[in-house]
Amino acid sequence: MTHPIRIAPSILAADFSKLGQEVRDVVDAGADWIHLDVMDGHFVPNITFGPDVIKSLRRYTEATFDCHLMISPADGFLEAFAKAGCDILTVHAEAGPHLHRSLQTVRSLGKKAGVSLNPATPESAIEYVLDTVDLVLVMTVNPGFGGQKFIDATAEKIRRIKAMIGDRPIEIEVDGGISPETAAIPAGAGANVLVAGSAIFKGGSVEAYRSAIQAIRAPAEKARR
Ligand code: DX5
Ligand code: ZN
């Protein structure tokens, strides 16, 4: 199954003092989804924002809110993020002992379920949950911070996951170190959703965001197989 290339700017790299405007601007600039990086200072060594901030952003756009939960345990917060207006809730395979249950909970809340893998986690970790997910998020850096270097070894993992998925309608997303220079690598390996923070939120204007999004989209679309 072929999904379109989607560009999902991560607001982690936006100006936090005017997040609503940043979300509106990046959607005007052509973003397909808004990627929301939630960090708890426990699962990852950084803290960002929670459901109340997401709820307040919801009125700025109707674009898909793609919520990446870097929190452990996640289960007790899934309902709050669903109510805040997230459309996709992605939990990490490493974040708890009952991954299948977490994914079932997301679906029972009426949301799309995503599962994410850290760079060190093999694709076998998600073999038995593929019928319970709508999206697989392959981390292409170690989660916690923007502006890190893309890890090349993740391309092979993306290829293997693409093969494991077969004809299920699951989207493959990549996150970390995505830029005009690296975008073709994951796209060529089978990813269709590209998250980018620092490569998009620079320049501070709709025009700058538009050219940054296009500079990632073009090589990704060319590299698709
Ligand atoms: C990392 C986050 C990413 C991050 C990507 O933990 O999940 O979404 O914002 O940032 P860049 O694109 O700067 O690598
Ligand atoms: Zn992310």
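Scanning region 185-209 for residues that are away from ligand 2 (no atom under 16 Å from the Cβ), touching a Lys or Arg at 6+ places or on another chain (Cβ under 7 Å), of a type in the set (A, V, I, L, M, F, W, C) and within 19 Å of LEU137 (Cα to Cα) yields a total of 2.
Counting just the residues of region 13-42 that are over 17 Å from PHE81 (Cα atoms) and within 12 Å of ligand 1 (Cβ to nearest atom), which one comes out least open to solvent (accessible area, probe 1.4 Å)? It comes out as ALA14.
For region 43-52, how many residues meet the condition of being open to solvent by 50 Å² or more (accessible area, probe 1.4 Å) and among the hydrophobic types (A, V, I, L, M, F, W, C)? Residues meeting the conditions: 1.
For ALA155, the conditions (1) surrounded by fewer than 18 Cβ atoms within 10 Å (Cβ to Cβ); (2) out of contact with any strand residue (DSSP E or B) (no Cβ under 9 Å at 6 or more places or on another chain); (3) without any contact (Cβ under 8 Å) to a residue 60 or more places away in the chain; (4) not β-branched (Val, Ile, Thr) all hold with the exception of (1).
Within this structure, PHE77 fails the test of being among the aromatic types (Phe, Trp, Tyr), crowded, with 20+ Cβ neighbours inside 10 Å and modelled with pLDDT of 95 or more.
Okay, residues lined up against (1) among the charged types (D, E, K, R); (2) under 26 Å from PHE201 (Cα atoms); (3) surrounded by fewer than 17 Cβ atoms within 10 Å (Cβ to Cβ); (4) within 16 Å of ligand 2 (Cβ to nearest atom):
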position	(1), (2), (3), (4)
LEU135	no, yes, no, yes
PHE150	no, yes, no, yes
ARG168	yes, no, yes, no
ASP175	yes, yes, no, yes
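For region 209-220, the criterion of being open to solvent by 70 Å² or more (accessible area, probe 1.4 Å), under 30 Å from GLY20 (Cβ atoms) and of a type in the set (D, E, K, R) is met by at least one residue.
Any idea which of ARG101, ARG107, ARG168, ARG159 is more than 12 Å from ligand 1 (Cβ to nearest atom), basic (Lys, Arg) and in contact with a Ser or Thr (Cβ under 9 Å, 6 or more places away or on another chain)? Only one candidate qualifies: ARG107. Filter region 188-208 down to the residues that are within 9 Å of ligand 1 (Cβ to nearest atom) and either among the β-branched types (Val, Ile, Thr) or open to solvent by 10 Å² or more (accessible area, probe 1.4 Å) (or both), then identify the one that is nearest to THR154 (Cα to Cα). Once the filter is applied, the top-ranked residue is VAL195.
The values are calculated or read from the model by the stated rules, or taken from the named source; none is laboratory data. Model, not experiment: these values are computed from the prediction. For neighbour counting, all protein chains shown are included, and Cβ atoms are generated from backbone atoms with ideal geometry for every residue, glycine included. Ligands, DNA and RNA are stripped out before the accessible areas are found, and what is left, the full protein with its side chains, is counted by its heavy atoms. Shrake-Rupley method; radii C 1.70, N 1.55, O 1.52, S 1.80 Å.
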